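Heads up, the thing below is written out as structure tokens.
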Amino acid sequence: MLQGLETIVLLFFANILMTLAWYGHLKLNQLEGFQHWPLICVILLSWGIAFFEYCLQVPANRIGFDGNGGPFNLMQLKIIQEIITLIVFVLFSMVAFKMQLHWNHLAAALCLVLAVYFVFGFE
């Protein structure tokens, strides 16, 4: 149980960093002084953030993988990671970019919940 919780917490923080690395530069571009950064600088900044994301993501997968004594098989790890990624992204887009949820976003979330049911419900 503890390994599963540790895996999910590490994945959550890894995905915060991943979202910042992949999409944070879009918000950064709107701030004073960052509009004219060359693309290579933005890439290097994103890589720097992604390094720390990997420092959390890799241990999370090693701890959670049933082949290493964890509670999740490979498919379950991937589905958990995707759900966390989307939750973090939705929160990020709502906070940083003031985006609003619409019915189709909620329908997509329902599909993800069904994916979790199918992956975990028939093991």
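The values are calculated or read from the model by the stated rules, or taken from the named source; none is laboratory data. Predicted model only: the values in this text are computed from it and were never measured. Glycine gets a Cβ as well: all are built from the backbone with ideal geometry, and neighbour counts include every protein chain shown.
Is it true that PHE72 is surrounded by 15 or more Cβ atoms within 10 Å (Cβ to Cβ) and in contact with a strand residue (DSSP E or B) (Cβ under 9 Å, 6 or more places away or on another chain)? Steps first, please.
Values: surrounded by 15 or more Cβ atoms within 10 Å (Cβ to Cβ): yes; in contact with a strand residue (DSSP E or B) (Cβ under 9 Å, 6 or more places away or on another chain): yes.
Taking the combined requirement at face value, the residue satisfies it.
Quick check on my filter: what residues within region 56-72 are touching a residue at least 12 places away in the same chain (Cβ under 8 Å) and under 22 Å from ILE83 (Cβ atoms)? Explain how you work it out, then say what you get.
Step one: filter region 56-72 for residues touching a residue at least 12 places away in the same chain (Cβ under 8 Å), giving 56-57, 59-61, 63-65, 69-72.
Passing the criteria: LEU56, GLN57, PRO59, ALA60, ASN61, ILE63, GLY64, PHE65, GLY70, PRO71, PHE72.
Only one of (1) touching a helix residue (DSSP H, G or I) at 6+ places or on another chain (Cβ under 8 Å); (2) among the aliphatic types (A, V, I, L, M); (3) under 26 Å from MET94 (Cα atoms) fails for ILE63. Which number is that?
Of the numbered conditions (1) touching a helix residue (DSSP H, G or I) at 6+ places or on another chain (Cβ under 8 Å); (2) among the aliphatic types (A, V, I, L, M); (3) under 26 Å from MET94 (Cα atoms), the odd one out for ILE63 is (3).
Please work out which residue is surrounded by the most Cβ atoms within 10 Å (Cβ to Cβ), limiting yourself to region 94-108 and to residues that are touching a residue at least 12 places away in the same chain (Cβ under 8 Å) and not aliphatic (A, V, I, L, M).
HIS105
Specify the residue that is farthest from LEU114 (Cα to Cα); the eligible residues are those in region 37-80 that are of a type in the set (Gly, Ala, Ser) and under 13 Å from the mean Cα position of the chain (by Cα). Show your work before the answer.
Within region 37-80, the first condition is being of a type in the set (Gly, Ala, Ser), and the residues that meet it are 46, 48, 50, 60, 64, 67, 69-70.
From what's left, under 13 Å from the mean Cα position of the chain (by Cα): 50, 60.
On the way: ALA50: 30, ALA60: 23 Å.
Checking each candidate, the answer is ALA50.
Name the pairs whose Cβ atoms lie under 6 Å apart, with the first residue in region 24-49 and closer than 25 Å to VAL88 by Cβ and among the aliphatic types (A, V, I, L, M), the second part of a helix (DSSP H, G or I) and at pLDDT below 90, and 6 or more positions between them or separate chains?
VAL42/HIS25
Please note which helices (runs of 4 or more DSSP H) are completely contained in region 30-123 and include at least 2 residues that are under 17 Å from LEU5 (Cβ atoms) and at pLDDT 90 or above. Before you say what the answer is, go through the steps one by one.
On the way: elements: 39-64, 74-96, 103-121.
By residue number, 39-64, 74-96.
Any residue at all in region 4-12 that is touching an Asp or Glu at 6+ places or on another chain (Cβ under 8 Å), modelled with pLDDT of 90 or more, outside any loop (DSSP other than H, G, I, E, B) and surrounded by 14 or more Cβ atoms within 10 Å (Cβ to Cβ)? I'd like the intermediate steps shown before the answer.
Within region 4-12, the subset touching an Asp or Glu at 6+ places or on another chain (Cβ under 8 Å) is none.
No - not one qualifying residue is present in region 4-12.
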